[in-house]
Amino acid sequence: MASLCKNCGAKVVFDPASKMLVCDFCGSRFSPEEVEAEDKAHVLDKEAVSMKHIFGSSDEKLLNCYVYTCNSCGGEIIINGTEASTKCIYCGNSAVVFSRISREKRPDVIMPFAITKERALELIHEKLDKGMFIPKEIKNFKAEHIRGIYIPYWIVNADHANAVVVKGTVRNGRNSKTVYHGRAGRLKINELPLDASKLLSDESSMRLEPFNFNELREFDEDYLTGFYSNVSDINFDDLRQVVYKRADEFFGQCAMADAPSASSKEIISSKPHTTIDYKSMRYAMLPAWFVTYTHNGKHNTILVNGQTGKIVCGVPWNKALFNTLMVTTAIATTTLYTFVLYYLLPAVLSSKNSKSGNLIALLILLAVSLISTGISKLKKTTRSIELTQAQGIFNFVKKRQ
Amino acid sequence: MRIGILIFALILAAALGFGTSISIWASKLKKSNDIGGSAGNVTNFSKGADFMVSMDRLSSKEYKDFSQQHEILLPPQSEPGASEPVHRIK
């Protein structure tokens, strides 16, 4: 149910640019706290009707869907069971479904959208235009769906203790030596946001970080108007797994940074313990724009942090350009290196000094290192594209009518 | 001998040349096409670790026992059921 304008009774929607509720009809503006939807309390306990009840279906996939009636046109809106707000597919009315935000699941805080849909698209185009390997057709893409979605998050404080051994390599002139450093201590984690929607992968939602939590506001349903949202559907096991994993990573980062001048550092032993402060957890709605487009028959979803405007996506690249540049550079550098080595090697090989062997070993090591660095970066880019093209994230957006 | 050196130089140069090329262009590709690929790091959510034990250049025996010997236990707390939907504990 949408909140109505106090002056003319038409629907009001949240405008990220002014951070106010704006009446489409008379243009009046109100702060969300000002607008009191009289029947909010009444609908809080209203029971949703399941698809099973409507259609007599026993298909488990449909059990979590609910049917609501649009306040404006009377049409039925069928939405996913974990959604809290949606728009009417018939008249476009911003219908906030209060019944899915039960008292138990009502969010504590919300980060209102600060980036408008137009600004989100502008930011995406600005970013894509700078991409050297981004094909022209992607730079000029036409968005199929643009959805402003409030993603449910749990904001968690935790305490992590660990005792780790960092293995590293120390070079002394031509020699290198493996060293081991021990670090044991505690790490306090404050306000770690954890995506509470099973539909969205943690890997994708983590990339939207960081958010500035100073701008969090007390939850008010009116902020949802004009946007979509989901509600938390994870259990404590899901939550703990993510907190433990991230806490362990953070402690590892600190321990490796603290280990004295060594290269190729890695943690080879640890004894982690993490406790979550379950009493201080906050249930928050954080904003993101989901923009989808199709390229070569594949759906791509670009994410935009609705507060900071951070763009998150992996973009398919112009393979012909990349391969041409790769091959040309490889041929040019190989020719250059061949000349240098052809004149350098006889002197190095005829020398009885042990330095000559070391130099060749060093060059082989350098080649291996360069190749593995390149492959690792290619893999990261490919992974990012896979996330952008994942069916799960596309479905997350597509389900909104 | 000269031919041998030329072949060796060519193989080594090819490896170095391919390595240089892939490393340059893969970095450029990542910068161009992997947009916003980073997640928040420790500085976003913590003031850093407070190390109570800090030992450098451990011997082989020391490093094998370090994690066990210096394990830090946190006060036990009651944990909500694993399959229970997440909610704030009152």
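The table for this structure:
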quantity	calculated
Members of region B:59-76 found to be surrounded by 11 or more Cβ atoms within 10 Å (Cβ to Cβ) and either in contact (Cβ under 8 Å) with a residue 12 or more places away in the chain or assigned to a loop (DSSP other than H, G, I, E, B) (or both), listed by number	B:His70, B:Glu71, B:Ile72, B:Leu74
Single match in B:Ile72, B:Ile11 (criterion: within 7 Å of chain A (Cβ to nearest Cβ), out of contact with any helix residue (DSSP H, G or I) (no Cβ under 7 Å at 6 or more places or on another chain) and among the aliphatic types (A, V, I, L, M))	B:Ile72
Filtered residues of region A:250-273 (kept if part of a helix (DSSP H, G or I), farther than 23 Å from B:Leu73 by Cβ and touching a residue at least 60 places away in the same chain (Cβ under 8 Å))	A:Met256
Filter pass, A:Asn296 being out of contact with any strand residue (DSSP E or B) (no Cβ under 6 Å at 6 or more places or on another chain) and under 30 Å from A:Arg147 (Cβ atoms)	yes
Subset of region A:274-312 [part of a strand (DSSP E or B), surrounded by fewer than 24 Cβ atoms within 10 Å (Cβ to Cβ) and among the hydroxyl-bearing types (Ser, Thr, Tyr)]	A:Thr274, A:Thr275, A:Tyr283, A:Thr292, A:Tyr293, A:Thr294
So A:Ala247, is it crowded, with 17+ Cβ neighbours inside 10 Å and more than 8 Å from every other protein chain (Cβ to nearest Cβ)	yes
Residues of region B:14-35 satisfying the condition of being of a type outside the set (Gly, Ala, Ser) and touching a helix residue (DSSP H, G or I) at 6+ places or on another chain (Cβ under 7 Å)	B:Leu16, B:Phe18, B:Thr20, B:Ile22, B:Ile24, B:Trp25, B:Leu29, B:Lys30, B:Asn33, B:Asp34, B:Ile35
Meets criteria (among the acidic types (Asp, Glu) and either buried (at least 17 other Cβ atoms within 10 Å of the Cβ) or closer than 30 Å to A:Leu363 by Cα (or both)) for B:Asp56	no
Any hit, region A:186-205, residues being touching a Pro at 6+ places or on another chain (Cβ under 7 Å), at pLDDT below 95 and at the interface with chain B (Cβ under 9 Å from one of its Cβ atoms)	yes
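The values are calculated or read from the model by the stated rules, or taken from the named source; none is laboratory data. Keep in mind the model is a prediction, meaning the values are calculated, not measured. Counting neighbours? That spans all protein chains shown, and the Cβs are built from the backbone with ideal geometry, glycine included.
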